[in-house]
Amino acid sequence: MQSHQMSLMDIDLNVSIVDTGTDDGDRQEEIPTTHLSSNVSLDLNQVPFSKDDDTHVDIESQAQVETYPNADSPIVNVTPPNQRSRWKNLSNDERRSIYSTLLEKSYCGGLTKGMIAKVALEFSISSRTVTRIWKQGKDNEHNTSNRKAGNSGAKRIQVDLTRIQEIPLNQRTTLRNMAHSTNISKSTLFRLVKSGALKRHSNALKPFLKEEHKRARLKFCLSMLNESTIPDDPTFQGLHNIVYIDEKWFYLKKRSKTSYLLPNEEEPSRTCVNKNYIEKVMFLVALARSRFDAQGNETFSGKIGVFPFVTKVPARRNSVNRVVGTLETKPITSITRDIMRSYILEKVLPAIKMKVHIRSDDQEFRQIATTDGFDIRLMCQPANSPDLNVLDLGFFNGIQSLQEKMCSRTVDELVTAVETSFEAFPNVKSNHIFLTLQNTMIEIMRVKGCNKYQPPHMKKAVLERKGQLPIQMKCDHELVQEVIHYLSEM
């Protein structure tokens, strides 16, 4: 068979010319091959392959060799650049796997010709990487761990955090202000926040407490303890016989509202006549603790009622919405003692009979509260202490978040939305707030009646799923004795 040599000037990159094995050397056949990408450049000065040549394919170019029958030279298929795995960072496990493969295929501590190229092709890496791993393992007692760990990348700038502590808090409200005050770049400060070296803190205003307020708070917390358990194991009362009553304003519109939109979605536009005078309605809410049986079934929701302070008045003139004389719902903007007293006597007491905001020695209240076999007494919470009322502690926020999900345009729609939210609020979460109240009273006793403490967290949902949620919280005996001694000395 006549040997055919490939001319460098006659190569067609889309076909390979091979000998068909016939006697007439003029007959040739075209075998289609993989088309090369226009981004791939070949060195036409490279010596072509022959069937007797043992030269391996350069793994760096990710080429694959295919041999067709009756072909004198192999056909090279080059992987396009977008499918190559360049600059691959190998993990320590991958490096150990490569080295183990080389050890299995080694002979007398060495590698046969072409073995590095085969392993490189198997792991889709370059031959030089395989060579470096093999040499590193031989020189370091089979240790092929990456030597870049802990010794690569740009070195972090060391920041003296004491400089930040010396700056007044009013100059640390934003990263931009802090960067200007400390002469530290904003990106460096952001990395410190992300790493946990700095933390973002929101500070809310709290009621000012005098010494008499603190004493009243401590006495109130002690009164919530079961008297029979104070000498040995102080435990809070179940709070099932107490109804908490308080009032709250609910607004027809929210001044600032956050929504999530698609990139091509039109941004909503909300308007009002005067954002400083948004229409609002006050509601009186009465809430007791939910009750459950031994199997966890609810026996009493604890929701006494929600009562809006509104009145019906006839329209004075015609409009596009109604004719003159139509009864309209208007909010009562000025809530006096007499209005509050009438709501308690006429609405709350008939519903469950209890409340604040009127004098505890009110004769009419005592007369109604003791009828039909009831013995209801008034108990006022300490002044400037919203954290000692379950409504301010979490219930109001819960029903307000539900109410804001509904669109209200009139007072009637707002009243309906609040009443619906009141009934929709989960009773299980309402029960959790009573446990939070007991934990809050423990924290108040620890800080001697002050309101500077961290809100307690006890993972109530997790404990409830495990069936370990307590009904009454226990208090440290030494803490109770310390508070009693503190109050006796004041």
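Every residue, every condition in (1) out of contact with any strand residue (DSSP E or B) (no Cβ under 6 Å at 6 or more places or on another chain); (2) of a type in the set (D, E, K, R), yes or no:
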position: F220; (1), (2): yes, no
position: D233; (1), (2): yes, yes
position: W249; (1), (2): no, no
position: K257; (1), (2): yes, yes
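Scanning segment 277-310 for residues that are open to solvent by 60 Å² or more (accessible area, probe 1.4 Å) and touching a strand residue (DSSP E or B) at 6+ places or on another chain (Cβ under 6 Å) gives K280, R291, F292, E298, T299, F300.
Based on this model, can you work out whether V483 counts as at pLDDT below 95, of a type outside the set (K, R) and surrounded by 18 or more Cβ atoms within 10 Å (Cβ to Cβ)? Before the answer, list the steps.
Numbers: at pLDDT below 95: yes; of a type outside the set (K, R): yes; surrounded by 18 or more Cβ atoms within 10 Å (Cβ to Cβ): yes.
The answer is yes for V483.
Please find, within segment 450-466, the residue that is farthest from L218 (Cα to Cα) out of those that are outside any helix (DSSP H, G or I) and among the basic types (K, R). Full working, then the answer.
So in segment 450-466, the residues outside any helix (DSSP H, G or I) come out as 450-459, 466.
The next check asks that each one be among the basic types (K, R); those that pass are 452, 459, 466.
Details: K452: 14, K459: 26, K466: 33 Å.
In this case the residue turns out to be K466.
Could you tell me which of the residues V348, V418 is among the hydrophobic types (A, V, I, L, M, F, W, C), assigned to a helix (DSSP H, G or I), modelled with pLDDT under 90 and buried (at least 17 other Cβ atoms within 10 Å of the Cβ)?
On the way: V418 fails: modelled with pLDDT under 90.
The conditions single out V348.
Specify which of the listed residues (Y277, Y244) is more than 31 Å from the chain's Cα centre (by Cα) and in contact (Cβ under 8 Å) with a residue 60 or more places away in the chain. Don't jump to the end; show me each part of the working.
Values: Y277 fails: in contact (Cβ under 8 Å) with a residue 60 or more places away in the chain.
The unique qualifying residue is Y244.
Counting only residues that are open to solvent by less than 70 Å² (accessible area, probe 1.4 Å) and either at pLDDT below 85 or of a type in the set (F, W, Y) (or both), segment 113-143 holds 2 of them.
Mind checking whether some residue in segment 144-166 is open to solvent by less than 90 Å² (accessible area, probe 1.4 Å), more than 30 Å from C380 (Cβ to Cβ), in contact (Cβ under 8 Å) with a residue 40 or more places away in the chain and among the small types (G, A, S)? Yes, segment 144-166 contains a residue that is open to solvent by less than 90 Å² (accessible area, probe 1.4 Å), more than 30 Å from C380 (Cβ to Cβ), in contact (Cβ under 8 Å) with a residue 40 or more places away in the chain and among the small types (G, A, S). Mind checking which residues of segment 449-467 are closer than 23 Å to V483 by Cα, of a type outside the set (S, T, N, Q) and open to solvent by 50 Å² or more (accessible area, probe 1.4 Å)? Hits for segment 449-467 are K452, P455, H457.
The values are calculated or read from the model by the stated rules, or taken from the named source; none is laboratory data. Quantities reported herein were computed from a predicted structural model and do not represent experimental measurements. Because the Cβ atoms are built from the backbone with ideal geometry, glycine has one as well, and the counts that use them run over all protein chains shown. For accessibility, only protein heavy atoms count, side chains too; no ligands or nucleic acids. Shrake-Rupley method; radii C 1.70, N 1.55, O 1.52, S 1.80 Å.
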